């Protein structure tokens, strides 16, 4: 009998087993997050209070260990595919001939093909409860924009998205998806905002970035009555909502008979998938379990591995507060690589603190190595992951090869944060197929 028929592959939870509370990991941090600075041309605090739903600001620093997920959000999450499977990568293990046991969390199975939906639904619900009519946000590679587009429809709202111009050109089908849901979408920089116009006047061929798109989305929200600005990453309430990832994985590893995990691997930019995946394990790590946590970034924006730990803003216009984080500098323009979700000039203060304190490690990989790992994942597991996720695959492969060299049995879990079918053009260009 084949190994696949002899052994269980997928470890699934029933809808009734999906977590009904988000996990507040702030008490588990080695120290408090550094204070923000709000002394720029704009008052970031006042801007945030105007454009963000109030409860999201409160969820940046919850007062309890567990935060209830509203029932309408749970219902929508289940409708969209939660809980997602944890899969044992037998095919990849066999190809690598490694003693390591490799698992991956399949966020690619959600209806938008990305983990971003976990917080988009929550934020859309809270915006609806406050009487907001239109959701406005930015997106890099487009997974977040697609999630906001679907969430807006599910809660009877409109949506407007500013997408990094180079990513919009590279991934036109994400734009088509959003437009089918009635979402307005603009390339960033655009002529839709004063900020975008200034950028284009200075640099007509500006490829755009998450930083430019954030500035345009916030400016648009400030000028649009009854709107709510949503963030897909970098913010504590986003990391909180994403703890569904790690909470589910802990239950699923138990179903798989694993008493512990040696390595957790995720791609990292603003950090929402990494934090949501890893922070539910932080308490065990603090208690002495040897859990190695690895964030994998792109060499196009190597904030953690080559950046400076400094106060900086997430946007280029100065609407966001200054936060202490690893940064390439606000004027840094990342190369227009196909892993658009990793093309941000700075990391979140949470990810930066974790790295600074040695809780997580970091590696930067170029897109050729990452895409080659994505191709191997398709060949061995039959699953095509997003370019961002392929960075995590590549790092997990390296860890499995290390286990082979040392002869150690290790448990490696990586996060397949998104689906790669709308990124086939990128795979084709990078791998020269």
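Throughout, read-outs are computed from the coordinates displayed, never taken from laboratory work. All figures in this text were calculated on a predicted structure; none of them were measured in a lab. Using ideal geometry, Cβ is built from the backbone for each residue, glycine included, and neighbour counts are taken over all protein chains shown.
Only bridges with both residues in segment 274-433 count here: give the DSSP antiparallel percent, nearest 5. Intermediate values should be presented prior to the final figure.
Details: 7 of 13 bridges.
Looking only at bridges with both residues in segment 274-433, the antiparallel portion is about 55 percent.
Among beta bridges from DSSP that stay inside the chain, the antiparallel ones total about 35%.
Given the options 294, 282, 121, which has the most mean-square fluctuation in a GNM of the chain, springs set between C-alpha atoms less than 10 angstrom apart? Answer for the Gaussian network model of the chain: 282.
Fewest Cβ neighbours within 10 Å first, please rank 397, 36 accordingly.
Values: 397 25, 36 15.
Least to most surrounded, the residues fall as 36, 397.
For segment 114-229, what proportion of DSSP beta bridges, expressed in % and rounded to the nearest 5, is antiparallel?
Details: 0 of 14 bridges.
The antiparallel proportion sits near 0 percent.
With the simple model of a label 7 Å out from the Cα in the direction of the Cβ, residue 95 to residue 310 spans 4.1 nm. Protection proxy ranking of 329-335, 236-242, 155-161, by the mean of other Cβ atoms within 10 Å over each peptide's residues and highest first, is 236-242, 155-161, 329-335. A helix-only calculation puts the chain at -12000 deg cm²/dmol for mean residue ellipticity at 222 nm, using -39500 (n - 2.57) for each DSSP H run of at least four residues, averaged over all residues.
Please give the FRET efficiency for residue 255 paired with residue 286, using the beta carbon to beta carbon distance and R0 = 30 Å, rounded to the nearest 0.05.
Numbers: r = 24 Å, r/R0 = 0.82.
For residue 255 and residue 286, the calculated efficiency is 0.75.
Full extension of the chain segment joining residue 45 with residue 405 gains 124.4 nm, where the gain is 0.36 nm per residue of separation less the Cα-Cα distance.
Report, please, the projected area of segment 115-233 averaged over directions, based on the convex hull of its C-alpha atoms, in nm².
Numbers: hull surface 25.6 nm².
Reported value for the Cα convex hull: 6.4 nm².
So for 80, 275, fewest C-beta neighbours within 10 Å to most, what's the order? If you can, show how the numbers build up before the last one.
Details: 80 20, 275 30.
Ordered by Cβ neighbours within 10 Å, fewest first: 80, 275.
When the alpha-carbon atoms of the chain are used, the pair Rg, Dmax equals 20.2, 68 angstrom.
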